[in-house]
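Please read the structure below before turning to the comments.
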Amino acid sequence: MHKRFLLLLLLFIPLLADAQRRGRYRWEVGLDLGAANILGDLGGANQIGTNGFKDLEVILTRPSLGVHARYRKARYFGYKMNFLYGKVSGDDKLTQERFRNNRNIHFKSNIFELSTQLEFYFTKERPGHLYKYKSIKGWKHIDMQVYLFIGAGAFWYNPKAQFQGQWYALQPMGTEGQGIVGNKKRYSRVSVAIPIGIGFKYALDRRWSIGLEYGIRKTFTDYIDDVSTTYYDRDEIFNANGGTAGGTAAYAAYYFADPSLGLIPTVDGVSPTGVGMQRGDSSDNDAYMLVELSINYKIARIRKTKSKF
């Protein structure tokens, strides 16, 4: 009877240790280093603009940085909170498609994102021995996670372009008539993002791990690159930005509204960049992508015990 009890106890101890370990190491913090890019209206493949990865300009990939905290709610799912910074840019000079190349618009923008995501794990942790004794044989600690995630967040962006060696914020200028004509409001520089992606994480030991994560952010704005709808009267944009009294900034607004190269001739007196002509594709919102390499550290929960004395 005692032998059976001891045998059951020995079988139960690893399960108990595993449960205690999972409960103790639910929280994790980390640092993210990676790269960012955008799927927007500018640049892209040498063809008429398309949605999706065909229009991705790899050479415009820019750095990103972030911090995160993860909470492992259960064996197969958890939560992650992110604060991320990335830089994105686009340039029509990088495409040979004649209409977009002639459009000649460029931009850059910083992006600051605050988001949370729900993670679904396909693999479970193999805890191994609770203590590292060389003389004990058996399975080793392995924590190799593959997961999908989806979430929600908010981000701030501020598209800028260069004129005579100086960079100007584009949103206040109303380059498509926003804030100038009555039916066009200025777009907000804060928007909502839906992070969707896949991740991989591998443990170096019980506390430290490294990870790799790819995510695309579906957004609810088409103005990350300041391009969405149609051309507006440049003279009105110039006057709305102060006219001659506005100095260089007013002339910059005039230029940014239509910096086209004039390579495509007018047809029946209609310019391809004239007032009301297509400047961007408003039917598809912008999206940005992040690839992040992370270093993670698990935080042990402090156990509260009552004094025996």
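Cross-link pairs exceeding 19 Å between alpha carbons, from the set K218/K298; K93/K185; K87/K218; K80/K201: K218/K298; K93/K185.
Inverting the mean 1/r over all pairs of different Cα atoms, compute the Kirkwood radius of segment 172-281 and quote it in Å.
Details: mean 1/r = 0.0582 Å⁻¹.
The Cα-based Kirkwood calculation yields 17.2 Å.
Tell me the volume per residue, in Å³, of the convex hull enclosing the alpha carbons of segment 236-296.
Numbers: hull volume 12.7 nm³, N = 61.
Looking at segment 236-296, the number lands at 208 Å³ per residue.
Which of the chymotrypsin sites (Phe, Trp or Tyr not before Pro) across segment 65-127 are loop residues per DSSP, with 13 or fewer other Cβ within 10 Å?
Listed in order of number, the matching sites are Y76, F122.
Could you compute how fast segment 192-244 diffuses translationally, taking Rh as the Kirkwood radius over C-alpha pairs and applying Stokes-Einstein at 25 °C with viscosity 0.890 mPa s? Give it in µm² per second.
Values: Rh = 15.8 Å.
Rounded to a whole number, D works out at 156 µm²/s.
Both radii are taken from the alpha-carbon atoms of segment 144-215; with Rh as the Kirkwood radius, Rg/Rh is 1.26. Modelled spin-label separation between V146 and L263, with each label point placed 7 Å from Cα along the Cα-to-Cβ direction: 4.4 nm.
Readers should treat all values here as calculations from the given coordinates under stated rules, not as data from a laboratory. The model shown is predicted, which means the values in this text are computed figures rather than measured ones. Neighbour counts run over all protein chains shown; Cβ positions are idealised from the backbone, glycine included.
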